[in-house]
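Data block below; observations after.
The values are calculated or read from the model by the stated rules, or taken from the named source; none is laboratory data. What you see is a predicted model, and the numbers here were worked out from it, not measured in a lab. Quick reminder, even Gly has a Cβ in these numbers, built from the backbone with ideal geometry, and neighbours come from all protein chains shown.
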Amino acid sequence: MGYKLCMAEKPSVARDIASVIGADKKCKGYYEGNGYRVTWAVGHLVGLAEPEEYGFVSKEAMWHDEKEKAYAELPIIPDNFKLVVLEQTEEQFEIIKELIHRDDTDEIINCGDMGAEGHILQWFIREKAECTKKVRRFCATSMTEEAIKQAMSHLRPEEEFANIIKGEFCKKKADWIMGMSMSRVESLKYKTGINVGRVQSPTLYFVVKRYLEVKNFKVTNYYGIQTDLKEGFSVFWNKDTEGIFPPNTKDSEGRVLDGKAVKAKAEAIQEKGVGTVTEIVTKKKGMDRPQLFDITELQREANRKYGYTASTTLATAQALYETQKVLSYPRTDSRYITSDLQPYMESRIKGIGTIEKYKTAVSGLLSKGLNIDKKIVDDSKVTDHHAIIPTEKIKGFDMDSLIPTEEERRKGVTEETLKNVLDLVLCRMIVSFCTPYYYEQTSVKVDLSGMTFTASGKKPLEAGWKGVQEALSGKEREEADAEADAEQIFPDIKKGQTVTVSHSSFIAKKTTPPKLHTEATLLTAMENAGATIENGAILKGKGIGTQATRAEIIKKLFDSGYCSTQTKGKTNYIVPTIKGQTIIRVLPVELYSPKITADWETKIALIAEGKMTEQEFMDSFKIFINDKVQEVKTKDTGIVFKKDRETVGVCPWCGSDLYRYENKDGGKVDSIRYYCSACNFALETKNPTVTTVTGKKLTEKQLAKLIAHGNIKLTCKSKKNGAEYKGNFVIIKKEVNGKIYANLDFSPVPFKEKKPVKKAKKLF
């Protein structure tokens, strides 16, 4: 009898699957047993080849002796794309390839991530390994033992996902062409490193656009009136709806700009002393409960409430899914569950109720029964993954047991983020099954000296989900303030009744600019980028980026030096740097148009649905890129890039400017980072390799010396006996998710210090 080869996305997932299916023998690069072999990828094993593999100029040569050639050969559009094995993971790839081609391997089980990215990465490996064997798909929504067993007993033919792979391959090729072609032409023309991306550039545009709106906003002073009535309530006037004031004293929205005139009216109202109730409208209204989380909504909520970055929230949710196994698959774009999951919802909520904090809320919910309707269960709204919900492991779960792995810590995951993100999901799970919040809304209009004054009040009738949410999480300050203003209590008044003025006050007001983007609002902008295009038609597959990639896109804007943060109170706002603003000025408008990018996303979705061919998309995309390259080459903008960052030298990899950046934690400088915006070179004083061996961070002078020499000798401490010795730290290239980054390698062997790299002599 032969073996079934399971291919997981990473070692930890492979270990979990192996333990459930009985593959308990540990071998080099895989597990074996019970008729199964379970192997794994390590990041990206296989990726698209670099330009030099097709005969184009390399990135390094582009900045030195082959600038003219590099410029002339643009755009870079290969006839056929090549797959290459990444050097850093070549050993694991060869293990997988050998396992695939073993005579006793009967079939392949694709246990990769269920997102589109997971599909394509597994396909890349199989394609490069020239796999011809039968492939089936493992589809688990969580990594619990029960979910793994369920997925293994319901394997699906890989052919079902063929179109998804085609669509994702198109996306990879389009991103490669745009990134290589447009980044190079812009960088070479403006003599500075510029990264252009199909999703990154429109996202930067959102930030720049909002920043300029705020910067250029002209504050307008306008005036209103508040009148307190002896009957026990207040009414307000803010706009001239009757045409009482001359047109030249008002703005386009009817706000009066003449303070003296408004003050005179307030005094006239005070003097007259009476008015008439002209309208009373009372309606019972309801506010339905919020839906379950998809990853974008979870990221927004975590940013709004805790200030977490989108990447931190994603990494935390991934840890809760993968390591802790208490959440379902997090990289989902659905806020619904399927009908086959509906019978399990009560037990999941009962499981939440075994945790002390949620006991009372769950007990109250169960006594009333779960409110399950189309807002919760809708098979048509679920594609690959349902909404984020707790797994069966939540029953009796100890919140104090949430401890991240070292790898997770490097991604920003902490005990605190684990508890807070899990709490958000559990609270949302409870309130999503509650009844609506009902209240009575009363609107009143009062005529005072021919001017229409208004007032509104809100009286809660049934607390519903709002009461549960407030009991679990408390009332948000902004929400509490808004409700306090809205909850005016009206006396028993009637239409036509005369009311008496107690005091009429002249109020000076100012128009306010829009707020700068936070990560929460930027995620919303990305999600809704293509909501409407031509003739107001709603796009299917609207938005730019995906739930899995948006966090990384935002992070890249910061890493590239195109954006920074501006902190006001507890809120971190996103602002563009000078370079970020300039990039939007020099790019052809189509490259940062959110609607055009959303249109591309829609076409890729159509490929995944089998409604558009790869050839159709790629042919039009190639024509587009060629036109844009020629536009950049021929257009004279007269724009020169100004530096808004501190330059500390030149990059030892590509020769571009090397910048200095202060990483802050709680307003204090936590570490110093030197980075290049033209390539991926970056190192900082807080390096895990150094701190593990020396117990200390690098000083900034040591960091500069390390980059200038390529290596550095530091005092280390033996873990066995505490003895001190000199160790060697060397800069190496490390592959992560298909990209090359700088890292450090350590050797306890003393070394002879190298002479400084010539290109880096400007450093300090």
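When each of P652, P594 is tested for being farther than 30 Å from I165 by Cα and either in contact (Cβ under 8 Å) with a residue 24 or more places away in the chain or not assigned by TED's automatic domain parsing to the domain that holds T524 (or both), the lone residue that passes is P652.
Exactly one residue among T249, T203, T227 is in contact (Cβ under 8 Å) with a residue 12 or more places away in the chain and within 24 Å of the chain's Cα centre (by Cα), and that residue is T203.
If we scan the range 704-718, do we find a residue that is polar (S, T, N, Q), without any contact (Cβ under 8 Å) to a residue 40 or more places away in the chain and closer than 21 Å to V650 by Cα? Give the derivation first.
If we filter the range 704-718 for residues that are polar (S, T, N, Q), which is where we start, we get 711, 715, 718.
Narrowing the set further to residues that are without any contact (Cβ under 8 Å) to a residue 40 or more places away in the chain leaves 715, 718.
Pick out the ones that are also closer than 21 Å to V650 by Cα and you get none.
Within the range 704-718, not a single residue is polar (S, T, N, Q), without any contact (Cβ under 8 Å) to a residue 40 or more places away in the chain and closer than 21 Å to V650 by Cα.
The sole residue among T577, T546, T602 that is in contact (Cβ under 8 Å) with a residue 12 or more places away in the chain, among the polar types (S, T, N, Q), within 30 Å of L683 (Cα to Cα) and out of contact with any helix residue (DSSP H, G or I) (no Cβ under 9 Å at 6 or more places or on another chain) is T577. A single member of N221, N216 is over 30 Å from T405 (Cα atoms), loosely packed, with under 15 Cβ neighbours inside 10 Å and in contact with a Leu (Cβ under 7 Å, 6 or more places away or on another chain), and it is N221.
May I ask you to verify whether I95 is surrounded by 15 or more Cβ atoms within 10 Å (Cβ to Cβ), assigned to a helix (DSSP H, G or I) and over 30 Å from the mean Cα position of the chain (by Cα)? First the steps, then the outcome.
Numbers: surrounded by 15 or more Cβ atoms within 10 Å (Cβ to Cβ): yes; assigned to a helix (DSSP H, G or I): yes; over 30 Å from the mean Cα position of the chain (by Cα): yes.
So I95 fits the description; yes.
Every listed requirement among (1) without any contact (Cβ under 8 Å) to a residue 60 or more places away in the chain; (2) in contact with a helix residue (DSSP H, G or I) (Cβ under 6 Å, 6 or more places away or on another chain) is met by D627 save one, (2). Residue pairs whose Cβ atoms lie under 6 Å apart, sitting 6 or more positions apart in sequence or on different chains, and linking a residue in the range 151-175 that is more than 16 Å from L48 (Cα to Cα) and of a type outside the set (A, V, I, L, M) to a partner that is surrounded by fewer than 17 Cβ atoms within 10 Å (Cβ to Cβ) and at pLDDT below 95, are N163/G610. The set of residues in the range 584-643 being basic (K, R) and either surrounded by fewer than 19 Cβ atoms within 10 Å (Cβ to Cβ) or at pLDDT below 95 (or both) consists of R585, K595, K603, K611, K622, K633, K635, K642, K643. G710 passes every criterion in (1) surrounded by 14 or more Cβ atoms within 10 Å (Cβ to Cβ); (2) under 23 Å from R410 (Cα atoms) apart from (2).
Residues in the range 98-108 that are out of contact with any helix residue (DSSP H, G or I) (no Cβ under 8 Å at 6 or more places or on another chain) and buried (at least 20 other Cβ atoms within 10 Å of the Cβ): L99 alone. Applying the condition of being under 26 Å from E470 (Cβ atoms), surrounded by fewer than 18 Cβ atoms within 10 Å (Cβ to Cβ) and hydroxyl-bearing (S, T, Y) to the range 348-382 and asking which residue is nearest to the chain's Cα centre (by Cα) yields T354.
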